[in-house]
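Worksheet for the structure shown next.
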Amino acid sequence: MSEQLDDEGKLQHLLTLDGISRGMLEQLLQRAETLGAHAHGGTGLRDVLAGKAVCTLFFEASTRTRCSFSLAVQRLGADLLNFDASTASTTKGESDLDTLKTLEAMGVHGFIVRHKSDGAVAALARSALPETVLINAGDGRSNHPTQGLLDMLTLRQAKGTDFSALKVLIVGDVNHSRVARSDLHALRALGTGEIRVCGPAALLPDDDTLRGCAVGDDFDAMLDGVDAVMMLRLQRERMAEGLVASLDDYHRDFGLTATRLRRAAPDAIAMHPGPMNRGIEITCEVADGPQSRVLQQVANGVAVRMAVLEALLG
Ligand code: CP
């Protein structure tokens, strides 16, 4: 946490939600709520980052995070550079750090970085110029802080700002999920009443990731009375690793169906960070149904990312 703060305790980078204060989180969420009105059009905020240059530096695939950050940068009036590792000199062996230094030399102020390796974004932040800002857009299985923020905004919009009586269930491959880790960091910081985690034992971490959570593998029992169900994407390579017997078995035991969702509170919401494996971890009936907040999460991504960019670069 401390490596993302400046000498005055303000955020210089956004690398993780681990250790972030409740006040800082609530301030970002409140601002995102306000900016939501501008997230889907208009030119009223084009002076916020005017004259700044921001690069989306993605070494891994993305639709939601990359596109929403790109829109957020443009809504705030910064120049946007989209770096695509598959067509860049990365393919000739240029290192990540040389890539960063090259773009810094061109006058880029902010970098939104996605990387397959845990800690890669923090490592770049340690070697960046003092005035450079880095935002973690997902590193390995460690952190996806803006996904955590947009999930909290979605929860607040559905359930209010006081999380102390909320029961939230996270389901699936928590062990390989940076989304789950950032959600857990944020849910704890916001004082969530009860956090439950459900998945096959082979896909649950055995370190302190789940501290304070009720953990189990009986999805039906764990759904009982929850206010929100946060489904995770099943990474199909886990089958090749022998961690999941078959997709059919996974769906039977951990797929969110309309019948199952009736075990949750009547006004419970269903969430998924995307991309979804429809018919595996979530049925179409739920994903497209009245309790789904999947597209609300996507919409909130633009507002949250505008708030983060403004806080760090504005
Ligand atoms: N939720 C999420 O990070 O989606 P993308 O991989 O499409 O950015």
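Test SER68 against the criterion of being within 14 Å of the ligand (Cβ to nearest atom), touching a residue at least 60 places away in the same chain (Cβ under 8 Å), within 27 Å of GLN30 (Cβ to Cβ) and in a helix (DSSP H, G or I), and give yes or no. Yes; evaluated as a whole, the condition is true for this residue. The C-beta contact set for the range 206-234 (first residue over 22 Å from VAL286 (Cα atoms), second residue open to solvent by 50 Å² or more (accessible area, probe 1.4 Å), distance under 9 angstrom, 6+ apart or interchain) comprises ARG211/ARG188; GLY212/ARG188; CYS213/GLU194; ALA214/GLU194.
Consider the range 287-301. How many of its residues are within 16 Å of the ligand (Cβ to nearest atom) and touching a residue at least 24 places away in the same chain (Cβ under 8 Å)?
Residues flagged as within 16 Å of the ligand (Cβ to nearest atom) and touching a residue at least 24 places away in the same chain (Cβ under 8 Å) within the range 287-301 amount to 8.
This table checks each residue for (1) open to solvent by less than 60 Å² (accessible area, probe 1.4 Å); (2) assigned to a loop (DSSP other than H, G, I, E, B).
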{"site": "MET230", "(1), (2)": "yes, no"}
{"site": "LEU243", "(1), (2)": "yes, yes"}
{"site": "ASP248", "(1), (2)": "no, no"}
{"site": "GLU285", "(1), (2)": "no, no"}
{"site": "GLN297", "(1), (2)": "yes, no"}
{"site": "LEU309", "(1), (2)": "yes, no"}
{"site": "LEU312", "(1), (2)": "yes, no"}
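Every condition in (1) open to solvent by less than 50 Å² (accessible area, probe 1.4 Å); (2) away from the ligand (no atom under 16 Å from the Cβ) holds for ILE112 except the one numbered (2).
Checked against the criterion of being under 19 Å from ALA180 (Cβ atoms), loosely packed, with under 13 Cβ neighbours inside 10 Å, modelled with pLDDT under 95 and not small (Gly, Ala, Ser), the candidates ASP206, ASP218 yield just one match: ASP206. Scanning the range 74-118 for residues that are within 30 Å of GLY42 (Cα to Cα), outside any strand (DSSP E or B), out of contact with any Lys or Arg (no Cβ under 6 Å at 6 or more places or on another chain) and of a type outside the set (A, V, I, L, M, F, W, C) yields a count of 4.
The values are calculated or read from the model by the stated rules, or taken from the named source; none is laboratory data. Bear in mind that the values here come from a model prediction, so they are computed numbers and not experimental data. Every residue, glycine among them, receives a Cβ derived from its backbone with ideal geometry; neighbour counts consider all protein chains shown. Areas reflect the complete protein model, heavy atoms only, side chains present, ligands, DNA and RNA absent. Shrake-Rupley method; radii C 1.70, N 1.55, O 1.52, S 1.80 Å.
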